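Shown next, in structure tokens, is the structure this report addresses.
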Amino acid sequence: MGTKHVHTMVIFGASGDLTSRKLIPALYRLHLRGRLPHSTRIVGVARSKFDDESWRKQLAESTARYVGDKFDNESWQQFAESIFYCPGDINSEQDFIALGQRLSELEGQQPSDRVYYVATMPQLYGEAAAQLGKAGLADESKGARRIVIEKPFGTDLKTAQTLNRAIGQVFRENQVYRIDHYLGKETVQNILVLRFGNSIFEPLWNRSFIDHVQITVAEEVVVGRRGDYYDRSGVLRDMFQNHLFQLMMVTAMEPPAQYDADSVRDEKVKVLRAIKPFSGSDFANCGVRGQYQGYLDEEGVAHDSQTETFAALKFHVDNWRWNGVPFYLRSGKGMSCRTTQIVIDFREPPHLLFGDGDAAPEANRLVIQIQPAEGIQLHFQSKVPDQEMAMRLSQLDFRFDNKGSMPDAYQRLLQDAMEGDASLFARSDEVELAWKIIDPIIAAWRSPAAPRMHAYPVAEWGPAACSKWMAQQGRAWFDVCPVLH
Ligand code: BG6
């Protein structure tokens, strides 16, 4: 956009937790790094009765808390001058007209690029888009108008389609930015660089060399105060449909012809299209479900809840590259540690020259650690010195950064939304396809024919049945707490 454009980020749901915990700290950090576009204003909208001053004051406190020692009073004062508050109710047409007037006053006569960040309760996402349309606030004659939608994007295929339609009546697809904060994580983006910026990995990245792929998002936390939401959602909606699928897509996708939003998303969507839908006995055999012990006592959770807090699923990506290579996805709360990792398990060497012949040595493995520390670790065999031809597994580590200064995912995503780059946001077909895969599994797991729910103790790697299930397939989970620190 032209340099004379001013920029406005309008946040709906301004008094909510996400705004104070993630959005404002991320915008403040962008300000500190000089990354906010020319003349950026931030306008908060919510029903709470703040004015500019009282909202700034509250944000100063919360931001200082979340940003820690990077908080600097002087730079905050400077940043806070660009923060405004406009009370408003998503259901009130009048309030949107008032918002439009306030935005025009703040922006003056200059052309402006606006981002409307919808971080309200999910039930209001569609209404927010409709009201923006009615008030003429999506009109692009004076600059770009984009809408960012927080997750969750629907609770199943039908609700996601309804929401896509509601947004689509007001905004064109290229104005719509659906958040999945996993895509804002540096290491997730680094998978693309690792694969497509090097020539040594991609030739091996296929069925000829890879036995299987494991994607694990383990969380140490339990549901805590989110019991009410979580019990209606469960791990398949909360983590699989969005975050785990995103990780699977970037791992399995073909190289796009160029790096732009549509080329990247076209390739990601092809992965979802290639996933073989579960049918018949798959619902029972291609996954394991679990619930941590003590879940039923959590506040907001039904005493006889059948919601899973852990799941493992096996998917097949039916195309030339991946035929016969299972993708194992698993995630759970109350696990032994917090780690997100993608493990590429390579095939064993075709003929073993070394070792004692009894046990095959562990095959090569590439561990891509997304968090807590970010980096990769390559496992390979090497000779034990001074011991004939005995082998042992050795590691080669690459750590992205150890000074703790990696940007938060929201920083990158907010900046991209302001600059109009949608590569790291989900497209409408992507979210709908993801629901299409997950919905039948949820339905089967809620039916009387659901496979058994396995209870598991907190602080372990999920149910023991899950390790058994893997062993029956001749494989083992990589149950290792963060390999990189
Ligand atoms: C959110 C889920 O989308 O992602 C949470 O609703 C989960 O339940 C969180 O804890 C995990 O995100 P991160 O970035 O901490 O791995």
Once label points are set 7 Å from the Cα along Cα→Cβ at both Asp262 and Gln58, what is their separation, rounded to one decimal in nm? 4.2
Hey, what's the chain come to in accessible area per residue, 1.4 Å probe, Å²? 45
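Considering only protein heavy atoms and a 1.4 Å probe, what is the carbon-and-sulfur percentage of the accessible area of the chain? Walk me through the numbers on the way to the answer.
Numbers: 10970 of 21770 Å².
Answer for the chain: carbon and sulfur cover 50 percent of the accessible area.
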Just tell me which lysines come within less than 23 Å, Cα to Cα, of Lys185; anything on the same chain fewer than 8 places away is out. Lys22, Lys70, Lys151, Lys268, Lys270, Lys333, Lys403
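What percent do you get for the relative contact order of the chain when only Cα pairs under 8 Å and 6+ apart count? Each step should come with its number before you reach the end.
Working: 869 pairs, mean separation 84.0, N = 485.
RCO, the chain: 17 percent.
Which shape class, rounded, prolate or oblate, goes with region 198-336 when its Cα gyration tensor gives a ≥ b ≥ c as root eigenvalues, a/c under 1.5 marks rounded, and past that a/b bigger than b/c marks prolate? Please report the intermediate quantities before stating the final value.
Values: a/c = 2.39, a/b = 1.98, b/c = 1.21.
Note, shape of region 198-336 comes out prolate.
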Against the longest alpha carbon principal axis of the chain, how many degrees, from 0 to 90 and to the nearest 10, is the axis of helix 157-168 turned? 40
FRET efficiency for Ala459 and Gln109 from the Cβ-Cβ distance with R0 = 51 Å, rounded to 0.05, comes out at 0.25
Before anything else, pin down the relative contact order of region 1-158: Cα pairs under 8 Å, at least 6 apart, normalised by residue count, whole percent. 30
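Which order do you get for Tyr230, Tyr66 if you rank them by accessible area with a 1.4 Å probe, largest at the top? Could the numbers behind the result be given before it?
Numbers: Tyr230 0, Tyr66 85 Å².
Sorted by accessible area, descending: Tyr66, Tyr230.
Report the equivalent ellipsoid semi-axes for the chain in whole Å, largest first, defined as the square roots of five times the eigenvalues of the gyration tensor built from alpha carbon atoms.
Working: eigenvalues 352, 130, 97 Å².
Each semi-axis is √(5λ); the values are 42, 26, 22 Å.
If you add up the charges near Thr309, with Lys and Arg at +1 and Asp and Glu at -1, over every other residue whose beta carbon is less than 11 angstrom from its beta carbon, what do you get? Please report the intermediate quantities before stating the final value.
Numbers: positive: Arg289, Lys333; negative: Glu219, Asp231, Asp238, Glu298, Glu308.
It works out to a net charge of -3.
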Which order do Ser467, Ser382 take when ranked by solvent-accessible area (1.4 Å probe, heavy atoms of all protein chains), largest first? Ser467, Ser382
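Does region 330-478 classify as rounded, prolate or oblate by the C-alpha gyration tensor (a ≥ b ≥ c root eigenvalues; a/c under 1.5 gives rounded; else a/b over b/c gives prolate, otherwise oblate)?
Numbers: a/c = 2.19, a/b = 1.29, b/c = 1.70.
The shape class here is oblate.
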Restricting to the chain, compute how many DSSP beta bridges are antiparallel as a %, nearest 5. 55
Can you list the residues, at least 5 places off or on another chain, whose amide H is less than 5 Å from the amide H of Arg145, using H built in the peptide plane? Arg114
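Return the percentage of antiparallel bridges among DSSP beta bridges fully within region 1-136, rounded to the nearest 5 %.
0
The values are calculated or read from the model by the stated rules, or taken from the named source; none is laboratory data. The model shown is predicted, which means the values in this text are computed figures rather than measured ones. In this analysis, Cβ positions are derived from the backbone assuming ideal geometry, glycine residues included, and neighbour counts consider all displayed protein chains. Quick note on the areas: whole protein, heavy atoms, side chains included, nothing else; ligands and nucleic acids left out. Shrake-Rupley method; radii C 1.70, N 1.55, O 1.52, S 1.80 Å.
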